[in-house]
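The values are calculated or read from the model by the stated rules, or taken from the named source; none is laboratory data. Just so it is clear, the model here is predicted, and its values are computed rather than measured. We place every Cβ from the backbone using ideal geometry, glycine too, and count neighbours over all the protein chains shown.
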């Protein structure tokens, strides 16, 4: 009789120990796979496919349909841990008697949790890409095994039936969405980790905001429009356009609400050289394009590209002229201000030592929020001037101020019924942003 047999350890116990070791190893591998694959996203997987890393294609296929690997993994982890824990109790009780149950329980808590649950998952957290590539081939083989797929689908279906849900999306998982704020945060993190430059981060933010911008926010407002009456001569229209430095100016009948055409400087010059300088400008005007002030900027840009025009007249809900928008206005939303030799550049943001800033009344409220780290009220207005008019309830006089959400807005320059520039000063201490964050 062998020493092991004398001690109560028989060949059956040896077989159980081998089964326990195999189950625990499988449990640790599956725990590592669960954590790494859940932390992986389609963007990273696609990047690794482009880098031609081993196992990346299998990983990408798994990430496309998370429910196909997550449910079987959870089921197999549970089976491995429950069966191994049961077998440990059986072996311990056979070897040590009643006290073996306590020893087996301690072994399960310490060894199984630490070495086959915490350790593989923590390693996967710190090395998600390596862990995902390592486990992807194994998981791919497991999820293709028909009995495992069938049992996991059956149990998940039973769970969904009990809680009264059908899964809500493809493969039984609800679709996940990434918000604009999360995309901006990703760009911020990439910049902090020196993956992208500051200008690239700014451009990414501009592209994301571009999709939520409407024509009203980027248009040249009606009072700033340079127009010409249709009865004026071609020569007068040409002089007006050249004096303003514009290549196109709207033509209107009587009032500015009745825009009848767009006069191109090149057409006016051609007509004048042809001896038509005294002809009315309406004869040289081209048909205008009208767009509602609520039209999205991306759709407007696409329309300009498709129909090949660079200027559109923006109309309000009553059909009146609200302003005009050019291709340059749209591009400036992406790349920032484009100043040429004809532009009269207005003063930008003026910062003062007391923490206040002076901005144009046309400065966007959203930009002011980013500049000051504030959360100014949102409403039917888009600009700081519009916000101040709403708060004041009238056209303010120069020097008038209003307070809102810890900031005081003061009108510095009022011309007739229009506010020129506004000083925004904090009335309470607010966290300051450094130049790079601005």
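Scanning the range 38-69 for residues that are assigned to a helix (DSSP H, G or I) and either touching a strand residue (DSSP E or B) at 6+ places or on another chain (Cβ under 9 Å) or closer than 19 Å to residue 125 by Cβ (or both) turns up 38, 39, 43, 44, 45, 48, 59, 62, 63, 66, 69. Could you tell me whether the range 323-333 includes any residue that is at pLDDT below 95, surrounded by 15 or more Cβ atoms within 10 Å (Cβ to Cβ), over 38 Å from the mean Cα position of the chain (by Cα) and not in a strand (DSSP E or B)? No, the range 323-333 has no match at all.
Evaluated against (1) within 30 Å of residue 404 (Cβ to Cβ); (2) in contact with a strand residue (DSSP E or B) (Cβ under 7 Å, 6 or more places away or on another chain), residue 281 falls short on exactly one condition, (1). Only one entry in 262, 256 is crowded, with 16+ Cβ neighbours inside 10 Å, outside any loop (DSSP other than H, G, I, E, B) and modelled with pLDDT of 90 or more, namely 262.
Can you tell which of 216, 270 is out of contact with any helix residue (DSSP H, G or I) (no Cβ under 9 Å at 6 or more places or on another chain), farther than 20 Å from residue 334 by Cβ and either in a helix (DSSP H, G or I) or touching a residue at least 60 places away in the same chain (Cβ under 8 Å) (or both)? Being out of contact with any helix residue (DSSP H, G or I) (no Cβ under 9 Å at 6 or more places or on another chain), farther than 20 Å from residue 334 by Cβ and either in a helix (DSSP H, G or I) or touching a residue at least 60 places away in the same chain (Cβ under 8 Å) (or both) holds for just one of 216, 270, which is 270. The residues of the range 238-253 that are out of contact with any strand residue (DSSP E or B) (no Cβ under 6 Å at 6 or more places or on another chain) and either surrounded by 20 or more Cβ atoms within 10 Å (Cβ to Cβ) or not in a helix (DSSP H, G or I) (or both), listed by number, are 238, 245, 246, 247. The residue of the range 164-184 that is modelled with the lowest pLDDT, among those that are surrounded by 12 or more Cβ atoms within 10 Å (Cβ to Cβ) and under 13 Å from the mean Cα position of the chain (by Cα), is 180.
Restrict the check to the range 139-146 and report whether at least one residue is in a helix (DSSP H, G or I), surrounded by fewer than 18 Cβ atoms within 10 Å (Cβ to Cβ) and over 34 Å from the mean Cα position of the chain (by Cα). Yes, some residue in the range 139-146 is in a helix (DSSP H, G or I), surrounded by fewer than 18 Cβ atoms within 10 Å (Cβ to Cβ) and over 34 Å from the mean Cα position of the chain (by Cα).
Scanning the range 404-413 for residues that are under 16 Å from residue 363 (Cα atoms) and at pLDDT below 85 turns up just one, 413. Can you name every residue in the range 421-438 that is modelled with pLDDT under 85 and over 30 Å from residue 196 (Cβ atoms)? Of everything in the range 421-438, those that are modelled with pLDDT under 85 and over 30 Å from residue 196 (Cβ atoms) turn out to be 427, 428, 429.
Just one of the listed residues (376, 409, 391) is assigned to a helix (DSSP H, G or I), free of Cβ contacts under 8 Å to residues at least 60 places away in the same chain and not assigned by TED's automatic domain parsing to the domain that holds residue 223, namely 391.
The single condition among (1) closer than 30 Å to residue 247 by Cα; (2) in a helix (DSSP H, G or I); (3) under 13 Å from the mean Cα position of the chain (by Cα) that residue 223 does not meet is (3). Determine, yes or no, whether residue 237 is at pLDDT below 90 and at negative phi. So residue 237 does not fit the description; no.
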